């Protein structure tokens, strides 16, 4: 039984005070939730607890004794285990090789025992890269258990899991708690935190805002603590009026993928003004589907735009009013070293609004356009000529959304449009989507955030292993959606066929 | 540390790189047994002391600047063109071939245009190999350098050799085509203005036109370019062809302004030095001008040092290499195309 504590920890990165005097006690046999928006300081605190970052001030204590970690190696030796959001497994190694990596004296008995507890005994010799995400995550936990961690840090552990996988993780976390370990569960999902944790600490702008017992906390309190103000009650926005016409019609679309499943015969239609959600765990063919729709990936099958066959190729689809917000904003959406203004007109650089004779760009017209966008979306930036890389993730994503919505497109395909951005930016982007749909936009919302899909879509479908289910109403039972996401055979038989 | 304004940071780093490289060069001189202070003074004097020195430096800087603008354009578009040397040779070859047929001063634009076209065409070969066959332009442009060099070598020994057959060189182009020398008896010729003009045009095109923007988007993020409907293939062709055209123009200008003919050792490696020039300029067309002067001065200074003290001209190469290392070290990976 070990009690861990952080005492008055401060850390500054350039102009940003990432942590500002954070103190936290993590008791044994407890699951401690750490909540906060992006940029609240959660990751920095984790990194300090794990020895990967040195605090400017303050220290870590184990059972009241002051610890000093020069590196993650020291932290691991002291009993800290961290499961990163993005796994750190050597994909071509087996689970066993991954766990024993760097261990001079492998202890097979200890490894077996830990693997039994995690239900991984049969997978020890499987190659990590071929295993499902849920199993890979357990392999990460196995690394920590094998090294006899008394403090297990889980960084956004459910981000990539199906609901059943998440349930299994929760069950395991409870088991660890019963065995006397301390688990720190980092998340920005309130429901999860309240369901699983005993104690919840909310961070905002590098400070501890509140530490509460989960039983005494309400989602409203926690959200208010995270945001620093009371949230407006959940959107009572009037349902959008959907048109009658099928704006986008997709018939038996199939496309290969670079990695993982491609798209196998997906069919659906989106009416004007409609938000059509496509749910699913990442890596089930969503990227291939989005790229095929955007005209970036060759595909079989047919795509119709307003009852006319959609032209082939990205440029032609762009000209036909089909816009695209890719999942990876930093690589596929924006050119990070180019300025805000230049990024704001990407794809529209030939628009007559600023293109003058000889291809010359009218910088005054562009600056006016950027001013409109940044004002409408409250984008904070040093200046319009600053590289986009200097903007925060939320502001980058708002810029991307602003650009794609700026010219009243007919169809927008958006993939994980609010991934990794702060709550305020999420709200701004969702508002903008609804406003654009009220003016007739048809939105294909592909997201691994089920909540996002459920709260925005008029209809939704689930994607799994390259297949797309039939359209469901948003009040479809969660169990059905969850089973479809997990690829449950009988459920797919009932909802999968797209005749 | 007080932060410099954004606009000054890049030039400051380049100046620091040159200073660091000169310091390293001084250390090498000391190791070789020379007093670094006087030696550097001799170099500075050879490069900048008086009209002749200055003219020499600018004459050397002219092809460096034109090739450098070309390399900078290619790098901005994410194309690692290291073939400016071969493109320049093809440009010089085209200029001589055209110049031997056309003897009128009116034909000068035509001669220079054929030089640019030849350089651009040479680079387009590499671009086509890249988009059609997936050949890295690093390999193809380098190989095309060798082909161009040996092609010129064969031609000046054979079909294009002067009538007298005494040297491996072509006849001179007609005097009517020679670029005006505006500070006789120095060799300073009107090509300097062409270099400055090319840098200005490249700057304006790159930063203030839609197609220039497309090129930079491709260079910064090929995926973002695709999302925005920009064709990576066509944009890569454009970047490499324009780049080659600048280098070809450098060859044409060198023929009409300095050599008047083509011979085997026509270029002392301007095309390779241009890569260093473009990196020192941090891929900025206007930055290429001072960077080219800097390298031109280094060349002239090292030659002066050799004449005066007998230090090997190879030392200049050492200092140039130090400059490139220092530039790459201070700017990190960001400026080099991936």
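Side notes on the structure shown:
- Checked against the criterion of being modelled with pLDDT of 95 or more and assigned to a helix (DSSP H, G or I), the candidates B:217, B:258 yield just one match: B:217.
- Unmet criterion (only one of (1) at pLDDT 90 or above; (2) under 20 Å from residue A:164 (Cβ atoms); (3) buried (at least 21 other Cβ atoms within 10 Å of the Cβ)) for residue A:472: (3)
Here's the yes/no breakdown for (1) closer than 13 Å to residue A:87 by Cβ; (2) in contact with a helix residue (DSSP H, G or I) (Cβ under 6 Å, 6 or more places away or on another chain); (3) crowded, with 21+ Cβ neighbours inside 10 Å:
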residue	(1), (2), (3)
A:106	no, yes, no
A:123	no, yes, no
A:151	no, no, yes
A:189	no, no, no
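- Checking the stated criteria, residue B:206 turns out to be at pLDDT 95 or above, in a helix (DSSP H, G or I), more than 23 Å from residue B:110 (Cα to Cα) and under 19 Å from the mean Cα position of the chain (by Cα).
- Residue in region A:185-192 that is at pLDDT 90 or above and under 20 Å from residue A:62 (Cβ atoms) present: yes
- Members of region A:326-335 found to be assigned to a loop (DSSP other than H, G, I, E, B), within 7 Å of chain B (Cβ to nearest Cβ) and without any contact (Cβ under 8 Å) to a residue 60 or more places away in the chain, listed by number: A:335
- Residue that is modelled with the lowest pLDDT, among those in region A:355-377 that are buried (at least 17 other Cβ atoms within 10 Å of the Cβ) and either over 18 Å from residue A:388 (Cα atoms) or within 12 Å of chain B (Cβ to nearest Cβ) (or both): A:355
- Matching residues, region A:271-310, being in a loop (DSSP other than H, G, I, E, B) and within 26 Å of residue A:474 (Cβ to Cβ): A:272, A:273, A:274, A:280, A:281, A:282, A:283, A:284, A:285, A:306
- Only one of A:129, A:134, A:102, A:122 that is in a loop (DSSP other than H, G, I, E, B) and free of Cβ contacts under 8 Å to residues at least 60 places away in the same chain: A:102
- Residues in region A:201-217 that are within 19 Å of residue A:5 (Cα to Cα) and free of Cβ contacts under 8 Å to residues at least 40 places away in the same chain: A:209, A:210, A:212, A:213.
- With respect to the conditions (1) at pLDDT 90 or above; (2) surrounded by 15 or more Cβ atoms within 10 Å (Cβ to Cβ); (3) not in a helix (DSSP H, G or I), residue A:242 falls short on a single one, namely (1).
- Scanning region B:221-239 for residues that are surrounded by fewer than 24 Cβ atoms within 10 Å (Cβ to Cβ), facing chain A (nearest Cβ under 8 Å) and not in a loop (DSSP other than H, G, I, E, B) turns up B:223, B:226.
- Failed item, numbered, when residue B:173 is tested on (1) within 14 Å of chain A (Cβ to nearest Cβ); (2) touching a residue at least 12 places away in the same chain (Cβ under 8 Å): (1)
- Check on residue B:256, under 30 Å from residue B:101 (Cα atoms) and away from chain A (no Cβ under 14 Å): yes
- Matching entry among A:247, A:323 (being part of a strand (DSSP E or B), within 14 Å of chain B (Cβ to nearest Cβ), more than 29 Å from residue A:165 (Cα to Cα) and touching a strand residue (DSSP E or B) at 6+ places or on another chain (Cβ under 8 Å)): A:323
- Output for region A:291-313, where each listed residue is surrounded by fewer than 19 Cβ atoms within 10 Å (Cβ to Cβ) and in contact (Cβ under 8 Å) with a residue 60 or more places away in the chain: A:306, A:307
- Residue within region A:344-354 that is within 24 Å of the chain's Cα centre (by Cα), at pLDDT 90 or above and away from chain B (no Cβ under 11 Å) present: yes
The values are calculated or read from the model by the stated rules, or taken from the named source; none is laboratory data. Everything quoted here is computed from the prediction, not taken from an experiment. With ideal geometry, Cβ positions are generated from the backbone for all residues, glycine too; neighbour counts draw on all protein chains shown.
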